[in-house]
1. Find which of S222, L84, V173 sits farthest along the positive direction of the dipole of segment 74-234, computed with +1 on the beta-carbon of Lys and Arg, -1 on that of Asp and Glu, about the Cα centre.
2. Give K88/K114; K193/K213; K171/K213 a once-over and call out the pairs whose C-alpha atoms are over 19 Å from each other.
3. Please order E175, E189 by the number of other Cβ within 10 Å, starting at the fewest.
4. Kirkwood hydrodynamic radius (Cα pairs, Å) of segment 71-218?
5. Give me the dipole magnitude in Debye, nearest 20, for segment 74-234 about the Cα centre, with unit charges on the beta carbon: positive for Lys and Arg, negative for Asp and Glu.
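Bear in mind these aren't lab numbers, they're just calculated from the coordinates by the rules spelled out. Because the structure is a prediction, the values reported are computed rather than measured. As a convention, Cβ positions derive from the backbone with ideal geometry for all residues, glycine included, and neighbour counts pool all protein chains shown.
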Amino acid sequence: MKKVLLFFIPIMLTLSLAACSSSSKSDEAKISSDNTAEFDSVQDNKVEKSESLALDNNAAQDQALSAEIDVPNQMVIYQADLQLRVKKFEKTLESLEAQVEKYGGYIAESSVSKDGVEQVSGRISVRIPQQNFQSFLHDAEGLAAEVLQRNISGTDVTEEYVDLESRLKSKRVVEERLTSFMEAAQKTEDLLKISADLAAVQEEIETIQGRMKYLENQTSLSTVHISLYENKVIVPNLEDEDLKTWDKTKKQFMKSTNLLLTAISGFIVFLLGNLPILGMIGVIAVIIYFNVKKVIKRKDKE
């Protein structure tokens with residue numbers, strides 16, 4: 001019996017040691033797998049947090065840009081074209097110039113032309129603040145004897161202006177980033193490339209700003225083209241010169257006297273200047289006369 005026990009005791013010890021070893025290995029494997037899972041979970045959480053922060057930053061940047069964009073009211077470019085027939089051209093033109101000054105506008109162009117003395121026409125182009133546009137048109141038409149034509153057009157540029165302002169904000173952000181990159185650049189090659197990109201962005205910014213200023217000017221001041229026509233009826237006036245009878249009589253008397261003296265002077269000059277020729281002609285005439293007379297007497301005797 002003792003021999004049997006001595007035989008089985010080493011075997012049992014060996015089996016128990018093997019079981020403990022396998023159990024410890026399984027526990028180590030479990031611990032290792034748990035640590036790996038926990039590490040992966042932490043890494044995933046970090047990635048998700050970084051992505052979330054990036055998205056939040058982008059969203060915040062977009063929100064900031066949208067908050068900075070000042071969306072204006074409806075922006076409309078108004079233009080009007082009037083053709084007016086007036087009674088007195090110069091007086092109407094002066095009245096229009098006074099109305100332009102009254103409403104805070106200015107004259108952009110003015111021209112006057114005359115077709116003989118019976119027709120006078122002209123064209124004036126003015127810029128009027130938009131809030132006074134309708135009032136100025138009403139007053140201008142009130143100065144006319146007849147409105148020949150009236151055209152008004154409006155172009156809505158609100159969408160274009162908002163788009164330009166949004167693009168300007170985006171370009172400003174890019175400009176700031178490129179400026180920071182340029183300050184941090186150490187290589188000459190990188191510095192030159194960033195400088196070229198920055199110059200291109202700044203040029204785009206200037207183009208956008210120029211277009212925005214143009215739209216602001218066109219919407220704040222409306223343009224009005226006015227053509228004026230006047231047909232004059234010419235009536236001959238009785239001038240004071242026509243009523244100076246005594247002066248005209250004296251003048252006519254002097255003219256007649258001068259004409260008579262001129263005729264007498266011419267006759268004397270002709271007579272004295274041609275006296276030799278006239279003497280010869282007189283002698284010949286006398287000879288002819290006496291010869292004819294003799295011939296007549298002979299015929300009477302016969």
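1. Value computed over the given set: L84.
2. From K88/K114; K193/K213; K171/K213, over 19 Å: K193/K213.
3. E189, E175
4. That comes to 19.4 Å for segment 71-218.
5. Details: 19 positive and 27 negative charges, 88 e Å.
Here the size comes out at about 420 debye.
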